[in-house]
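Right, one structure below, let's go through it.
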Amino acid sequence: MLSKNEIIRWLKEKDAQRLEALWLQADRIREQYVGNTVYFRGIIEISNYCARYCKYCGINAGNKTLKRYRLSMDEILTVAQTIERLDYGTVVLQAGEDPALSGEWITELIKRIKNESDLAVTLSLGERTPEELEAWRLAGADRYLLKFETADLRLFNEIHPLQNNGPWKNRLEILHFLKQIGYETGSGIMIGLPGQTYDELAEAILLFQELDLDMIGNGPFIPHPDTPLGKEYERMKNSDQQAPNDALTTCKVNALTRLVCPTVNIPSTTALATIDRQQGRENGLLRGANVIMPDFTPLPYRQWYEIYPGRLQAYKPPEEQHALLLKMLHKIGRTMGRGKGVSLNYLKKRD
Ligand code: SAM
């Protein structure tokens, strides 16, 4: 159990030796609860069309310079085969909030993946209707990822203008619904959003615990020059309470998340690996994480899923990317997990 004040103290900690103790503790708890295997999830970014105007995101509807794409069902199924061939247990289907990805079309896609493979299916398609979420679950979808992005409702509303939440009050309500209808449920935040304080990061970590999530993905906010927040970024970052959007703070948030939620799956995110190309992915795994989500979006589409600039390994073919990841795991004494890698937190609730 960590109090909010203790969490804030860790988030502000600068002493490298004391931080070593935090990394060690997070690593021990990770090993004790979820073991030494690292689960791989192959992510396919199936569309970069988006109806939303999220102020931080490079694929938001207001970015008129971006080339838009939407994969066909056959293209997605072909990539899913590659993911299964490499022995990954999960495919993650992610997209902007694209109304052209109809509820029925996604249902059909899930059914075909389930019929043609043994893969677990994770969806990350934004704020969709209860009917759609339910239909996809019935069609066989296993997991749903929806980040609440920030625990501060005022900041959330500020960076998500012109929201049309349909029947939903807010994202927390959607997360409760996802859990209720049986999804393994994932959420997370961005770290270092302009206006985000240490206090609020601590609130978010405690909220992870309260929500009893199965997966928690946290990444640094990376400014995109073609977005409103990317443009305002330097001007807004001027308070001593402002949480930094750096690799160190991201690792602290992940390590503290592991301490308060020992049985969850935590990815070492691509955003962390992007801002620390040398050590990011590895440090994430050494400081609490037990999952990685390599990108399988085919060329040429991958470059257009530009939620932030300079994504790591943006152009490596799957086999090459996979070999590098196995080498990195070997170096840190971990092994690749086989099978679906269901969250222990989820299994625990179903016992
Ligand atoms: N539309 C879906 C949704 O909103 O959940 C999935 C796609 S959305 C692009 C996936 C995630 O990208 C968001 O939850 C957000 O955390 C992350 N993201 C977007 N822009 C980012 C940025 N500039 N820096 C870091 N992460 C970003």
| query | Going by the structure shown, is Tyr315 closer than 19 Å to Ile59 by Cα, in contact with an Asp or Glu (Cβ under 7 Å, 6 or more places away or on another chain) and of a type in the set (Ser, Thr, Tyr)? | reply | no
| task | Among the candidates Thr263, Thr270, single out the residue that is under 30 Å from Glu6 (Cβ atoms), among the polar types (S, T, N, Q) and more than 15 Å from the chain's Cα centre (by Cα). | result | Thr263
| First in the range 60-77 and of a type in the set (Asp, Glu), second anywhere and in a loop (DSSP other than H, G, I, E, B), Cβ under 9 Å, 6 or more apart | Glu75/Pro298
| remark: Out of (1) in contact (Cβ under 8 Å) with a residue 40 or more places away in the chain; (2) under 18 Å from the mean Cα position of the chain (by Cα); (3) over 28 Å from Glu131 (Cα atoms), the one Gln196 does not meet is (2)
| said: Of the conditions (1) under 20 Å from the mean Cα position of the chain (by Cα); (2) of a type outside the set (D, E, K, R); (3) assigned to a loop (DSSP other than H, G, I, E, B), Leu299 satisfies every one except a single condition; which number is it? | reply: (1)
| task | Return a yes/no flag: does the range 268-279 have any residue that is modelled with pLDDT of 95 or more, more than 16 Å from the ligand (Cβ to nearest atom) and surrounded by 18 or more Cβ atoms within 10 Å (Cβ to Cβ). | result | no
| query | Is there a residue being under 29 Å from Glu84 (Cα atoms), open to solvent by 50 Å² or more (accessible area, probe 1.4 Å), more than 15 Å from the chain's Cα centre (by Cα) and at pLDDT 95 or above anywhere in the range 286-295? | reply | yes
| task | Give just the number: which of (1) touching a residue at least 40 places away in the same chain (Cβ under 8 Å); (2) open to solvent by 60 Å² or more (accessible area, probe 1.4 Å); (3) over 30 Å from Gln241 (Cα atoms) does Lys12 not satisfy? | result | (3)
| task | Kindly state which helices (runs of 4 or more DSSP H) lie completely within the range 193-291 and contain at least 3 residues that are of a type in the set (A, V, I, L, M) and touching a Phe, Trp or Tyr at 6+ places or on another chain (Cβ under 8 Å). | result | 247-260
| task | Mind telling me which of the residues Thr129, Thr90, Thr107 ends up being touching a residue at least 60 places away in the same chain (Cβ under 8 Å) and among the hydroxyl-bearing types (Ser, Thr, Tyr)? | result | Thr90
| note | Filtering the range 244-267 down to residues that are surrounded by fewer than 24 Cβ atoms within 10 Å (Cβ to Cβ), aliphatic (A, V, I, L, M) and within 14 Å of the ligand (Cβ to nearest atom) yields Ala247
| said: Checking Thr37 against (1) at pLDDT 95 or above; (2) open to solvent by 10 Å² or more (accessible area, probe 1.4 Å); (3) within 16 Å of the ligand (Cβ to nearest atom); (4) over 16 Å from Val121 (Cα atoms), only one condition comes out false. Which one? | reply: (3)
| message | So for the range 204-221 (the condition being of a type in the set (Phe, Trp, Tyr), within 12 Å of the ligand (Cβ to nearest atom), over 20 Å from the mean Cα position of the chain (by Cα) and farther than 20 Å from Gly341 by Cα), does at least one residue qualify? | response | no
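The values are calculated or read from the model by the stated rules, or taken from the named source; none is laboratory data. Predicted model only: the values in this text are computed from it and were never measured. Every residue, glycine as well, gets a Cβ built from its backbone with ideal geometry; the counts of neighbours run over all protein chains shown. What goes into the accessible areas is simple: the full protein's heavy atoms, side chains included, and nothing from ligands, DNA or RNA. Shrake-Rupley method; radii C 1.70, N 1.55, O 1.52, S 1.80 Å.
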